Amino acid sequence: MTDRIQAVRGMNDLLPDEIDVWHQVESVLREIGWQYGYQEIRTPMLEKTALFQQSIGDQTDIVEKEMYTFADAGKESLSLRPEATASTVRACIQHGIVHNQQRRIWYMGPMFRRERPQKGRYRQFHQFGIEAFGWAGPDIDVEIIRVGERIWKNLKVKGITLQINTLGSNKSRQAYRIALQSFLKNHLGQLDDDSVRRLENNPLRILDSKRPETQAILVNAPHILEYLEPSEKNHFDGLCESLENSAIGYTINSKLVRGLDYYTGTVFEWSTDQLGAQNAVCAGGRYDSLVEQRGGKPTPAIGFAMGMERLVELVANQGNNERHQRNVIYLIDVAESANVRAGIIAEQLRDNGYRVISHCGGGKLKAQLKRADQSGAVIALIMGQDECQVDGLANVVQVKHLRAKIDQQAIPVDDLVAWCNDNIR
Ligand code: ATP
Ligand code: MG
């Protein structure tokens, strides 16, 4: 016997019994994108590897260790996208849709990172993200943060908190980087190998080290806020002020840095204490240089990416996933002669927006009722020999209530849609 082939580690099947909550989350996200005037973009899942190397950065964990990269027909290096901002920027430049114009864009879909799989961390996962191109001021930063708030609100997810920071422009960050490097070099002996390695290439990443010993050293490290140019300081102050005026709670975390090189200025993260170790739900920030760096006209930009597996889990745990079962009707046909008639009635109900599950396959009434119950339907319609005599006495259908203690009732077929509208909508 051959071994049964299993899915690739860290890549999940989303099964029919768990898909309802995904649909609910996806439709809320689409709706919110629409409400704020964002338009969807769909880019390919494969891109040239160079796009990610040059956008996310050669020295980042994502590009160094996590990408699924292969040589296409032995020639061009391609990678499965680990995130979608680089692709969005590429597409916008390629099609000229951010050239001298402002754009609000969203995307949703699978991303791929070869990380160690664990709860909340997978090798294929999904992100919903938004990007706004062409606005430089802090008002759009606030809008992007509001979209996050709106998502938690509409999905009734509680306990997600916001941290913000700023990384300055490339110039001020460079000055800060040098100051941080020289500070950390005085503590070289106490740093772990990973941090020592980052010290030359990406010292800011040391700031979000999870190691307590490293965090203890960092208590006295210089702050980025001291290195900002006046205009950058104003932007950050403006953001904080607007958040306060809008009653959006936040904390400033001067150690918040992102694992992608393209960020400049405002960065933020939404996190929860309800998912265990993988507590970041949504992260984003400004990337004012990326469009120009990729060959477009200088265009300020800001966005976020949200981990959908983590969001879906929060929605599922908090019990707010409305099942779409309320208006399910299960159609039972006990007599073979009722079959055609049952089909016609089912279509009439579907014409009126109902979800009708036909039994199919015959069998005894008791067995069919058991299936009806398992389906989650709210009522079963029973079509028997007597029920389908159109010209006879009984052009009725029997309604059996599956979720309420109400006696079975006979409803004339002609009144059925109206009856459903009044009773189970
Ligand atoms: P983390 O610190 O959890 O590794 P990150 O900084 O790598 O996150 P981003 O690249 O900013 O994350 O991605 C935005 C969001 O996408 C994260 O906040 C998280 O919710 C989600 N995410 C990132 N990587 C994964 C993954 N491997 N599996 C599931 N969700 C993920
Ligand atoms: Mg990561």
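Tabulated data for the structure shown
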| item | result |
| --- | --- |
| Answer from ASN201, ASN234, ASN186, ASN170 - the residue that is under 33 Å from the mean Cα position of the chain (by Cα), open to solvent by 70 Å² or more (accessible area, probe 1.4 Å) and free of Cβ contacts under 8 Å to residues at least 40 places away in the same chain | ASN234 |
| Residue in segment 89-108 that is within 16 Å of ligand 2 (Cβ to nearest atom), within 18 Å of LEU51 (Cα to Cα) and open to solvent by 20 Å² or more (accessible area, probe 1.4 Å) present | no |
| Residues of segment 86-106 satisfying the condition of being closer than 12 Å to MET45 by Cα and in contact with a strand residue (DSSP E or B) (Cβ under 6 Å, 6 or more places away or on another chain) | SER87, THR88 |
| Scope segment 37-65; condition more than 20 Å from the chain's Cα centre (by Cα) and acidic (Asp, Glu); matching residues | GLU47, ASP58, ASP61, GLU64 |
| Given (1) open to solvent by 10 Å² or more (accessible area, probe 1.4 Å); (2) out of contact with any Leu (no Cβ under 6 Å at 6 or more places or on another chain); (3) at negative phi; (4) touching a residue at least 60 places away in the same chain (Cβ under 8 Å), index of the condition ARG177 fails | (4) |
| Which numbered condition GLU115 misses (of (1) in a strand (DSSP E or B); (2) within 15 Å of ligand 2 (Cβ to nearest atom); (3) not hydrophobic (A, V, I, L, M, F, W, C)) | (1) |
| Answer from GLY57, GLY37, GLY33 - the residue that is at positive phi and in contact with a strand residue (DSSP E or B) (Cβ under 8 Å, 6 or more places away or on another chain) | GLY37 |
| Given (1) outside the structural domain of ASP139 (by TED's automatic domain parsing); (2) open to solvent by less than 20 Å² (accessible area, probe 1.4 Å), number of the condition LEU239 does not satisfy | (1) |
| Yes/no for GLY137 being touching a strand residue (DSSP E or B) at 6+ places or on another chain (Cβ under 7 Å) and under 26 Å from GLY296 (Cβ atoms) | no |
| Residue match in segment 152-166 (condition: out of contact with any Cys (no Cβ under 9 Å at 6 or more places or on another chain), within 16 Å of ligand 2 (Cβ to nearest atom) and of a type in the set (A, V, I, L, M, F, W, C)) | no |
| Leading residue by the ranking (nearest to ligand 1 (Cβ to nearest atom)) among those in segment 83-112 that are over 20 Å from ALA283 (Cα atoms) and assigned to a loop (DSSP other than H, G, I, E, B) | VAL98 |
| Strands (runs of 3 or more DSSP E) (entirely within segment 30-80) containing at least 3 residues that are within 16 Å of ligand 2 (Cβ to nearest atom) and open to solvent by 60 Å² or more (accessible area, probe 1.4 Å) | none |
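For (1) surrounded by fewer than 24 Cβ atoms within 10 Å (Cβ to Cβ); (2) within 15 Å of ligand 2 (Cβ to nearest atom), each residue gets a yes or a no:
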residue	(1), (2)
ASN253	yes, no
ARG258	yes, yes
ALA277	yes, yes
CYS282	no, yes
TYR287	no, no
VAL291	yes, no
GLY295	yes, no
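The values are calculated or read from the model by the stated rules, or taken from the named source; none is laboratory data. Values in this document were obtained by computation on a predicted structure and should not be read as measured data. Note that each Cβ is placed from the backbone with ideal geometry, even for glycine, and that neighbours are counted across all protein chains shown. Keep in mind that these areas ignore ligands, DNA and RNA; they rest on the heavy atoms of the full protein, side chains included. Shrake-Rupley method; radii C 1.70, N 1.55, O 1.52, S 1.80 Å.
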